[in-house]
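Take a look at the structure set out below.
The values are calculated or read from the model by the stated rules, or taken from the named source; none is laboratory data. For clarity, every value in this text was computed on a predicted model and none was experimentally measured. We place every Cβ from the backbone using ideal geometry, glycine too, and count neighbours over all the protein chains shown. Accessible surface areas use protein heavy atoms only, side chains included; no ligands, DNA or RNA. Shrake-Rupley method; radii C 1.70, N 1.55, O 1.52, S 1.80 Å.
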Amino acid sequence: MKKILIKIKNNTLLFKEKVKLNNESKNLLNTNVINCNEILFSDEYIIDNIKIVSSFVNELCKSQNIDTVEVINGSLNELVIDILKNNTYITGLKLKSDLSLTFKICEKLIKTNITSLECYNLQTFMLEFLDKHGVLVESRNEILFLSNFMIENKLSIYSSIFYKMSLHLDFPFTEQDEEDFETFCKINKYLKTIHVFTVSRSDLESIVDILKNNSKKNIKIVIHDNINNLDTIEYLKNFNKKHSKRYKIHFKLSYSDAYLSENMLKQTNMSILKICGCLILLIVVITFGYVFYDNYASMKNVNDIQDEISKVVEITDTDKIIEDIIAKEENKEKVVVNSDIASLLSINPDVVGWIKVNNTNVDYPLLQSFDNAFYLDHNIKSEYDQNGWPFMDYKNSIDPLSDNILLFGHNRYYSGVMFGTLQNTTRYSWYTNEENQMISLRTIFNNYNYKIFSIYKIYKTNDYFATAFVDDEARYVFYNKLKARSIYDFKVQVSGNDKILTLSTCADNNNRIVIHAVLQKDDLG
């Protein structure tokens, strides 16, 4: 049981948890009465008699001309706001503890008569929410924080939370991530799809409980993880069978082709393999012939597309395109410096730039879709094409520039198209040539030059996919981990406030070739 001291100071009513009681206060422990200087209640009494206490505080404010409440202990914030729900005299609230404001507190605040709030810290969307309801906020800590969940899904403003239709969840969740996901579910009205990576049964149960508690319906949860855990698989099957119709939440598995192929082989009967040995040998011969033809056709197709791109750049009148681009920009003073890239928007509005790696075939327009799947098997003309096309991670931003720009492309080894020649970068003669150590990334508004600081081959992993960081220290630790993997010391320094570029492609079925380069300071603009 807590004892809560209410003290009058000028036009302010102070709420404070009473830890040490004097003799007079001790006599009041079981009475909840008032002496001349203080008001002392137990928290249990307030909770059980909230209407009586609220009415009393209201009359006290009226008689003493009190218009401001100051709460010393953060543990009392919610209880005090409940007391002020029907108060017609209190317009100012000061929360003195160094606790970040929660959305639950915000929801309660807008139901009071409070018009000004002083607190330690709050997220940007809460600031917008309170401003919308006429509450002026003063934050003592000017750094408005975001959890990883909010950063990854670009949920810094209230409207983006309200209208968001698709989420990407990276587990495990921190306590702040889980709290912000629940807040998102309370605010959002349009969520349809949740993409989940690297999960366990406990993770899935947690997000389903939050969705159910907030009455979210018609939700598809797409799992992009090659799940091997039988307990998790059984949970998914049972949920879809028994509960998906009831709660209108459905799981969908999105296994990789490699995973499906591997598990199908494990289930193949050995005797059938022996019987089909001769047939497989024949298929192998046919396959090699097909691969040869396919790579020739792939190279010819890409060359034809590049010729078409050159013609589009040459003949397109970009004045109208540039005019439309500038019209969409908040900063009307921006200058288009690469009109050739702007002209390619007439072919595909997903064009975001142009990537070039010296002494390789990597010299292509760069695309970005709403996910990382579409351009794995579609080209710049949005036509189905097994070559795909080099693309930027869907979570990245080109303007402003993300901390870690992730670029992907298929390794078409035999034809050398897409990222097929990046394997050359692992050769000593290539990476020791200084001319090759600079990578060019051109966008409509900027020209960026990145200097390579790490090249390596690694077993398939996504631990270098991070695109946002909580602070410079986390970014510095991440960059140095990448640098330590390099097959060569490029003598390039990377600091915690740098921005980097990452190119990733398959080396074989199990490994990837990865290149990291740091943005040169002169290119920051």
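Applying the selection to the range 186-216, what residues are assigned to a loop (DSSP other than H, G, I, E, B) and in contact with a Cys (Cβ under 7 Å, 6 or more places away or on another chain)?
Initially, the range 186-216 is screened for residues assigned to a loop (DSSP other than H, G, I, E, B), giving 188-192, 198-200, 214-216.
Asn214, Lys216 - these are the residues of the range 186-216 that are assigned to a loop (DSSP other than H, G, I, E, B) and in contact with a Cys (Cβ under 7 Å, 6 or more places away or on another chain).
Being modelled with pLDDT under 90, of a type in the set (S, T, N, Q) and closer than 27 Å to Leu117 by Cβ, is that true of even one residue in the range 6-18?
Let us first name the residues in the range 6-18 that are modelled with pLDDT under 90, namely 9-11, 18.
Add one more test, that the residue is of a type in the set (S, T, N, Q), and what stays is 10-11.
Checking which are closer than 27 Å to Leu117 by Cβ leaves us with 10-11.
Within the range 6-18 (the criterion being modelled with pLDDT under 90, of a type in the set (S, T, N, Q) and closer than 27 Å to Leu117 by Cβ), the answer is yes, since at least one residue qualifies.
Does the range 403-419 include one or more residues that are open to solvent by less than 20 Å² (accessible area, probe 1.4 Å), farther than 16 Å from Pro365 by Cα and at pLDDT below 95? First the steps, then the outcome.
At the first step, the residues of the range 403-419 found to be open to solvent by less than 20 Å² (accessible area, probe 1.4 Å) are 404-407, 409, 415-419.
Filter again for farther than 16 Å from Pro365 by Cα, leaving 404, 415-416.
Those left that are additionally at pLDDT below 95: 415-416.
Within the range 403-419, one or more residues are open to solvent by less than 20 Å² (accessible area, probe 1.4 Å), farther than 16 Å from Pro365 by Cα and at pLDDT below 95.
Has the range 408-423 got any residue that is assigned to a loop (DSSP other than H, G, I, E, B), more than 20 Å from Leu501 (Cβ to Cβ) and without any contact (Cβ under 8 Å) to a residue 12 or more places away in the chain? Outline the logic, then answer.
Initial filter on the range 408-423 (assigned to a loop (DSSP other than H, G, I, E, B)): 409-410, 412-417, 419-421.
In the following step, the residues that additionally are more than 20 Å from Leu501 (Cβ to Cβ) were identified as 412-417.
Now restrict to residues that are without any contact (Cβ under 8 Å) to a residue 12 or more places away in the chain: 413.
There is at least one residue in the range 408-423 that is assigned to a loop (DSSP other than H, G, I, E, B), more than 20 Å from Leu501 (Cβ to Cβ) and without any contact (Cβ under 8 Å) to a residue 12 or more places away in the chain.
Under the condition of being basic (Lys, Arg) and open to solvent by 60 Å² or more (accessible area, probe 1.4 Å), which residue from the range 189-225 is nearest to Lys252 (Cα to Cα)? Please lay out each step first, then the result.
Start the filter on the range 189-225 by keeping residues that are basic (Lys, Arg), which leaves 189, 192, 201, 212, 216-217, 220.
From what's left, open to solvent by 60 Å² or more (accessible area, probe 1.4 Å): 189, 192, 201, 212, 217, 220.
Details: Lys189: 22, Lys192: 13, Arg201: 14, Lys212: 18, Lys217: 15, Lys220: 7 Å.
It comes out as Lys220.
Would you mention how many residues in the range 466-477 are within 18 Å of the chain's Cα centre (by Cα) and open to solvent by 50 Å² or more (accessible area, probe 1.4 Å)? Outline the logic, then answer.
Let us first name the residues in the range 466-477 that are within 18 Å of the chain's Cα centre (by Cα), namely 466-472, 474-475.
From what is left, the residues that are open to solvent by 50 Å² or more (accessible area, probe 1.4 Å) are 470-472.
So the count comes out to 3.
Every residue in the range 353-386 that is within 30 Å of Tyr431 (Cα to Cα), open to solvent by 70 Å² or more (accessible area, probe 1.4 Å) and assigned to a loop (DSSP other than H, G, I, E, B), please.
Hits for the range 353-386 are Asn359, Asn361, Gln386.
Mind listing just one residue for me: the one in the range 40-53 that is open to solvent by 20 Å² or more (accessible area, probe 1.4 Å) and touching a Leu at 6+ places or on another chain (Cβ under 8 Å) and, of those, nearest to Lys9 (Cα to Cα)? So that I can check it myself, show each step before the final result.
Taking the range 40-53 first, the residues open to solvent by 20 Å² or more (accessible area, probe 1.4 Å) are 43-45, 47-52.
With touching a Leu at 6+ places or on another chain (Cβ under 8 Å) added as a condition, the list becomes 43, 47.
Details: Asp43: 22, Ile47: 24 Å.
Going through the qualifying residues, I end up with Asp43.
Please work out if Asp317 is open to solvent by 20 Å² or more (accessible area, probe 1.4 Å), under 30 Å from Cys506 (Cβ atoms) and of a type in the set (D, E, K, R). So that I can check it myself, show each step before the final result.
Numbers: open to solvent by 20 Å² or more (accessible area, probe 1.4 Å): yes; under 30 Å from Cys506 (Cβ atoms): no; of a type in the set (D, E, K, R): yes.
Judged against the criteria, Asp317 is not a match.
From the list Ser346, Ser369, Ser339, which residue is more than 20 Å from Leu519 (Cα to Cα), in contact (Cβ under 8 Å) with a residue 12 or more places away in the chain, in contact with a Phe, Trp or Tyr (Cβ under 9 Å, 6 or more places away or on another chain) and not hydrophobic (A, V, I, L, M, F, W, C)?
Details: Ser346 fails: in contact with a Phe, Trp or Tyr (Cβ under 9 Å, 6 or more places away or on another chain); Ser339 fails: in contact with a Phe, Trp or Tyr (Cβ under 9 Å, 6 or more places away or on another chain).
Just one listed residue meets the conditions, Ser369.
When you look at Trp389, is it buried (at least 16 other Cβ atoms within 10 Å of the Cβ) and out of contact with any Asp or Glu (no Cβ under 9 Å at 6 or more places or on another chain), yes or no? First the steps, then the outcome.
Working: buried (at least 16 other Cβ atoms within 10 Å of the Cβ): yes; out of contact with any Asp or Glu (no Cβ under 9 Å at 6 or more places or on another chain): yes.
Judged against the criteria, Trp389 is a match.
Report yes if Tyr290 is in a loop (DSSP other than H, G, I, E, B), of a type in the set (Ser, Thr, Tyr), surrounded by 10 or more Cβ atoms within 10 Å (Cβ to Cβ) and modelled with pLDDT under 75, otherwise no.
Details: in a loop (DSSP other than H, G, I, E, B): no; of a type in the set (Ser, Thr, Tyr): yes; surrounded by 10 or more Cβ atoms within 10 Å (Cβ to Cβ): yes; modelled with pLDDT under 75: yes.
No, not satisfied.
What's the number of the only condition in (1) surrounded by 14 or more Cβ atoms within 10 Å (Cβ to Cβ); (2) under 22 Å from the mean Cα position of the chain (by Cα); (3) at pLDDT below 95 that Asn462 fails to meet?
Failed condition: (1).
Of the residues that sit in the range 427-454 and are closer than 15 Å to Val514 by Cα and hydroxyl-bearing (Ser, Thr, Tyr), which one is most open to solvent (accessible area, probe 1.4 Å)?
Checking each candidate, the answer is Tyr431.
Looking at the range 444-478, which of its residues are more than 30 Å from Asn338 (Cα to Cα) and of a type in the set (Gly, Ala, Ser)?
The one that is more than 30 Å from Asn338 (Cα to Cα) and of a type in the set (Gly, Ala, Ser): Ala474.
Where in the range 71-181 are there strands (runs of 3 or more DSSP E), lying fully within it, with 3 or more residues that are touching a strand residue (DSSP E or B) at 6+ places or on another chain (Cβ under 9 Å), open to solvent by less than 60 Å² (accessible area, probe 1.4 Å) and farther than 30 Å from Ala466 by Cβ?
Values: elements: 92-95, 116-119, 136-139, 166-170.
Because the criterion is at least 3 residues that are touching a strand residue (DSSP E or B) at 6+ places or on another chain (Cβ under 9 Å), open to solvent by less than 60 Å² (accessible area, probe 1.4 Å) and farther than 30 Å from Ala466 by Cβ, the strands (runs of 3 or more DSSP E) in the range 71-181 that meet it are 92-95, 116-119.
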